[in-house]
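What follows is one structure encoded as structure tokens, with my remarks underneath.
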Amino acid sequence: MEFDRDYDARVRNAAFEWLAHEVSIHGDVLSRDRLATGFVFDQRRVPLVSPQGIFKPAVLAVPLSITTAPHGPYDDEMGYDGLLRYRYRGTNPQHRDNVGLRFAMQHNLPLAYFHGIVRSRYLAIWPVYVVRDAPEYLAFSIAVDDPDRRELFSQAPYDTGTIADARREYLTTTAVRRLHQRAFRERVLRAYRHQCAFCRLRHGELLDAAHIIPDTEPDGEPVVSNGLALCRLHHATFDRFFVAVRPDRTIEVRTDILKEFDGPTLQHAIQGLHDQPIALPRRPADRPSVEFLSRRYERFLEVAGTV
């Protein structure tokens, strides 16, 4: 198939619009099945992923997406230049997939990037650009960009001026930080079987991964034992010290909150949690750390004493 820039731009734009719609409904971590099903363009189905990391759907002459599998064979990482490093397909620079990404770089074509968080769950990032080819590392450098950028389908080379470099590094670093946050959320929610540890709500769109020791602190690491799966309401009550989890993994509601009179939400959704055990992950290693809970509980008692 010959490369038709106008047709290519229409397909990519449709892909990005479909991704924006899916993310608005399901969040930015999407299932592999949904990505593999894709969307319909001119009465033809266009999947966004395949078993290969560099993917060119049948309707295009050039790759549309790149994928990093969770625990996959390729060590994709942040490079020395502040950009994502995406490994070649195999070790042959002339493999057709590597040639395809090189063509995308030369013609300034935006792609979608799917990074595996846990099995069958991928963080969707778009648009990204191939901005550098490093045969010595068997890798490409990938820059994340703003989906609202007017030059999204520009034929001009990707801007590498000082301001543009700082901007793309910022966007790429932000995307990597988001990747780590989503990875923590997916691991915690999976450990808690996608339910709130306090109220057992199972609607994934309303669940968060709450840190026991905040991630702003040096030892607030994004490990499952430092997390709780909580619905949005109970995440807020936990973060604001309305409630705590004692080291024995039971819930304590602050005394002044217990004495309040309000509507049914306060009575049933918060006050009713007092002295109740939390739901726990099946694997002991995933359960909330007693040390972390103890430290958090001490802070809760300090807050309670000042209210």
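Here is the list for segment 238-303: GluC sites (Glu not before Pro) lying in DSSP coil, each with at most 16 other C-beta atoms within 10 angstrom of its C-beta, are Glu260. Once the chain from Glu2 to Ser50 is taken as fully extended at 0.36 nm per residue, the excess over their C-alpha distance is 15.1 nm. Placing a label point 7 Å from the Cα of Asn92 along the Cα-to-Cβ direction, the residues of segment 103-147 with a backbone N closer than 18 Å are 103, 135-136, 138-139. Could you tally the net charge around Glu205, taking each other residue with its Cβ under 15 Å from the Cβ of Glu205, Lys/Arg +1 and Asp/Glu -1? Charge balance near Glu205 sits at +2. Checking every one of the chymotrypsin sites (Phe, Trp or Tyr not before Pro) in segment 205-307 against DSSP loop status and a limit of 12 other Cβ atoms within 10 Å picks out Phe261. For the chain, what is the mean residue ellipticity at 222 nm derived from helices alone (per DSSP H run of n ≥ 4: -39500 (n - 2.57); sum divided by total residues; nearest 500 deg cm²/dmol)? The helix-only estimate for the chain comes to -10500 deg cm²/dmol at 222 nm. Relative contact order for the chain: 12 percent, from Cα pairs under 8 Å spaced at least 6 residues apart, divided by residue count.
Here the calculated FRET efficiency for Arg10 and Leu206, from their Cβ-Cβ distance with R0 = 35 Å, stands at 0.45, rounded to the nearest 0.05. For a label point 7 Å from the Cα of Ser120 along Cα→C-beta, name the residues of segment 1-42 whose backbone N is under 14 Å from it. Residues 30-37 qualify, since their backbone N sits under 14 Å from the label point. With neighbour counts taken as other beta-carbon atoms within 10 Å, the residues Trp18, Trp126 rank, fewest first, as Trp18, Trp126.
Taken together, the values in this text are just the output of simple stated rules run on the coordinates, not laboratory data. What you see is a predicted model, and the numbers here were worked out from it, not measured in a lab. Positions of Cβ are generated from backbone atoms using ideal geometry, with glycine treated the same way; all protein chains shown enter the neighbour counts.
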